[in-house]
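For reference, the structure discussed in these notes is given below.
The values are calculated or read from the model by the stated rules, or taken from the named source; none is laboratory data. Just so you know, these numbers come straight off a predicted model, no measurement behind them. All Cβ positions, even for glycine, are placed from backbone atoms using ideal geometry, and neighbour counts span all protein chains on display. Note: areas computed on protein heavy atoms with side chains; ligands, DNA, RNA excluded. Shrake-Rupley method; radii C 1.70, N 1.55, O 1.52, S 1.80 Å.
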Amino acid sequence: MTWTASSQDQAALRSYLLAKGWREGRPGTAGSLWSRSGAVEATIAVPSQIGDNEWAGLIDRIARAEGIDTTSVEHTIRFSTVDVVRFRAVNNHAIGDSISLFAGIHLVDTAYRTLRAAATTARKPKSQIRGNFSRAGDRIVQAARMGHSEVGSYVLPVFVPLDIDFEDPADEALLQVEGRALLEPMERRVTRTLAQAFAALNDSILTPAIEPTSRSIVPLVHAGASREFVVAIEESVANRDIASVEVSFNWAAAAQAPTAVPASVTVPGDAAPLLTKAANLMRTVRRDPLSVFTGVIVEVRHEPDDPTGEIGLQTMRNGRQVELRVRLDAETLNKSHDWMRSRRTVLVDGVVSRDQRLRVENPVRVLPLDETFLPIGDARTGSN
């Protein structure tokens, strides 16, 4: 079933085609030809103004060229600039696809509180927010939308629109800079931080099911978990009408999806005591003596005959998005190419200096963030 094509849908179609590797030819008065190379080469005509009658045919041609069904193409286009986070509560007392009113209130509250906490810690990791939520982060939360509930015990979808405008030549040009990756929208950094916080919680606390320690809490904080985040989840799963809470992620096609984060995480009700212990420990986490930065690599630089090189890490400093230059040895530099291509979140630990750019010349650690999510009790989880 198709919907009426709006101007927003047509803009989303353009961003979808660009993200999927289609390239636009020289536009004419009626529209333009888009081509795609690879295993199956294809060319389609896209009118400059798409009427409702043309929309269905265009979607069908794209689906056949990509070898997928039209429903998937339509859904991806409509949400091509929207990250979707689904919060699912599993009933202890099932009556159809419903939950108790009290449990439903907790589920909505959990969605709001965890997203709001991640919107703050995406700008600066904090073990406790203490009411000092980021105003800029709150604006992203205010722009999020709650969709209709979906079948599956009780599923609450939350839509987080990304600030991507491929009609803007400045945005589109970023796709065409050789050797650089497209910058990550701030909204994606927030949803990625939310996913990382759940992943760290799962790998460090839920899966090993071992009582957390002050040492093992540090990687959770680096990942974006905070006491407010953990408490919101603990209060939800402690509800006697909820057997478990699951959160899952569908990433907007217009921005390359992050890797090394799970598609979904389930928090069982019997994990509540462990979460309570973790939340209490977060009151006493000490600051790292060095600066810790996380983000995605947007550039790798290496001069011939130089045994070292550097990366450009898109990260946050003093509440602002910055590009941090980090000097790497040859072995780590080789790995960084894969980290950039796969959009893997990287952690950099070291002291920042400044000449014309922000730099870390002698990093203590440079590694994928997910590799710090080690089971409780592992000596490598931190130094605090």
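Using all pairs of distinct alpha-carbon atoms, the Kirkwood hydrodynamic radius of segment 193-340 works out to 17.5 angstrom.
With contacts taken as Cα pairs under 8 Å and at least 6 residues apart, the chain reaches a relative contact order of 17 percent. Ligands, DNA and RNA are left out, and with a 1.4 angstrom probe the accessible area of the chain is 49 Å² per residue.
Per residue, how big is the convex hull around the C-alpha atoms of the chain? Give it to me in cubic angstrom, could you?
160
Solvent-accessible area of the chain (1.4 angstrom probe, protein heavy atoms only): carbon and sulfur portion equals 49 percent.
Our analysis of segment 98-256 gives Rg over Rh at 1.00, with the two radii drawn from alpha carbon positions and Rh computed by the Kirkwood formula. Summed over qualifying helices (DSSP H, 4 residues or more, each -39500 (n - 2.57)) and divided by its residue number, the chain shows a 222 nm mean residue ellipticity of -10500 deg cm²/dmol.
Here the scattering of segment 1-144 is modelled by Debye summation over its C-alpha atoms, one equal scatterer each and no solvent; at q = 0.09, 0.13, 0.19 Å⁻¹ the log10 of I(q)/I(0) is -0.48, -0.80, -1.04. Note on Ile105 and Arg286: the model spin-label points, each 7 Å out from Cα along the C-beta direction, lie 4.2 nm apart. Computed over segment 46-111, the range of Cα coordinates on each principal axis works out to 50, 20, 20 Å, biggest value leading.
Residues Thr332, Thr43, Thr213, ordered by accessible area of protein heavy atoms at a 1.4 angstrom probe radius and largest first, appear as Thr43, Thr213, Thr332.
Rounded, prolate or oblate, given the Cα gyration tensor of segment 68-161, with a/c below 1.5 counting as rounded? Here segment 68-161 falls in the oblate category. Listed by chain and number, the lysines placed with their C-alpha closer than 18 angstrom to that of Lys277 are Lys126; residues fewer than eight positions away on the same chain are left out.
Across the options Val151, Ser134, Ile68, the greatest Cα extent toward the positive end of the charge dipole of segment 45-171 (unit charges at beta carbon of Lys, Arg, Asp, Glu) belongs to Ser134. Among Ser35, Ser244, Ser98, the residue with the largest mean-square fluctuation in a Gaussian network model of the chain, with springs joining Cα atoms closer than 10 Å, is Ser35. With viscosity 1.306 mPa s and temperature 10 °C, the Kirkwood radius over alpha carbon pairs of segment 330-375 converts through Stokes-Einstein to a diffusion coefficient of 134 µm²/s.
Only aspartates and glutamates eight or more places from Lys124 in sequence, or on another chain, were considered; those with a Cα closer than 19 Å are Asp138, Glu184, Glu187, Glu228, Asp288, Glu323, Asp349, Asp370.
Could you tell me what fraction of 2.2 N^0.38 Å the Cα radius of gyration of segment 112-166 comes to, as a two-decimal ratio?
Rounded to two decimals, the normalised Rg is 1.33.
Annotation: average projected area of segment 210-255 is 5.1 square nanometres, based on the convex hull of Cα atoms across all directions.
Our note on the geometry: Cα centres of segment 39-112 and segment 222-267, 20 Å apart.
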